[in-house]
Amino acid sequence: MILTSSIITKICRELEDPRSDPEDEREYSTQALLDWLYDGYRLLLPLIIENNPAMVWRKDRVDFTEPDDGSKDLAFTPIAAIAAYYTNKNYWLSPIRDSFSIPNVIVYGSAVGAPAMPMMSFTDFDPEETGHPVAYFIEGEKTLSLRPIPAEDIRITLWSVEDPESFEWDPGEEEDTQINIPSFMEPYLKEYTLVRARNRGEASMNLEASFMQNWEKEIRYQLEKRAGGMLTAGSSYVAE
């Protein structure tokens, strides 16, 4: 985990803009730097998910009790639903592909070692059907839904990637966001933020396009060197 306070402080040091007094006026506001940092994170995260999602996923046990409509609100907002496992019956669920608002980010279990599950559609199911679920999807922002609707209390193990929605840091307060990327990715996130800060959209389109091409290429190389995380029914941290 990387703290926003740590990386913003390093960025400011390179910009020769220390954050010793939060009331000082500066060329680069803390919020602007946080926004650019978050933009870089949202570009970096899909590359990590595509190449090695084990670096950023979380694993949660989701209990469906009295599952009238087969839906359960999660305690967080996922940016990607990677895989789901029916713990009671010991089998993987298929994803319903046309259900998520950010489809280009989703990587399913087959990419990380789980069986290649067939994609399914809402049209494959009677919306009122009950039984043993065989498919899952994220409904709205953070509701895990199953089809068919479970006929009894069950447990699902869900691998997903959390979306922090924004980064927070106030030098005068204790609030500080933990950035969920491996530490070796920090230099790339810092580099992206520095480029944005130094150019700030002024006649620098060609420079930024060239930078982004090389930036993404180097990140993919670093991730491929560290590839190999496999997803199994019993792997990874289990969130309570």
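The values are calculated or read from the model by the stated rules, or taken from the named source; none is laboratory data. Quantities reported herein were computed from a predicted structural model and do not represent experimental measurements. A quick note on method: Cβ atoms are made from the backbone with ideal geometry, for glycine too, and the neighbour counts reach across all protein chains shown.
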Q: Within segment 48-99, count every residue that is on the phi < 0 side of the Ramachandran plot, among the acidic types (D, E) and not in a strand (DSSP E or B).
A: 4
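Per-residue answers, yes or no, for (1) buried (at least 17 other Cβ atoms within 10 Å of the Cβ); (2) at pLDDT 90 or above:
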residue: N52; (1), (2): yes, no
residue: D63; (1), (2): no, yes
residue: L74; (1), (2): yes, yes
residue: T77; (1), (2): no, no
residue: A84; (1), (2): yes, no
(Q) Testing L146 on (1) of a type in the set (A, V, I, L, M); (2) at pLDDT 90 or above; (3) on the phi > 0 side of the Ramachandran plot, one condition comes back false. Which one is that? (A) (3)
Q: For S20, indicate whether it is modelled with pLDDT under 80 and surrounded by fewer than 21 Cβ atoms within 10 Å (Cβ to Cβ).
A: yes
Q) Hey, does segment 4-17 have a residue that's surrounded by fewer than 21 Cβ atoms within 10 Å (Cβ to Cβ), under 20 Å from E191 (Cα atoms) and at pLDDT below 80? A) yes
Q: Select from segment 123-182 the residues that are more than 29 Å from M55 (Cβ to Cβ), part of a loop (DSSP other than H, G, I, E, B) and charged (D, E, K, R) and list them in ascending order.
A: D126, E128, E129, E152, D153, E173
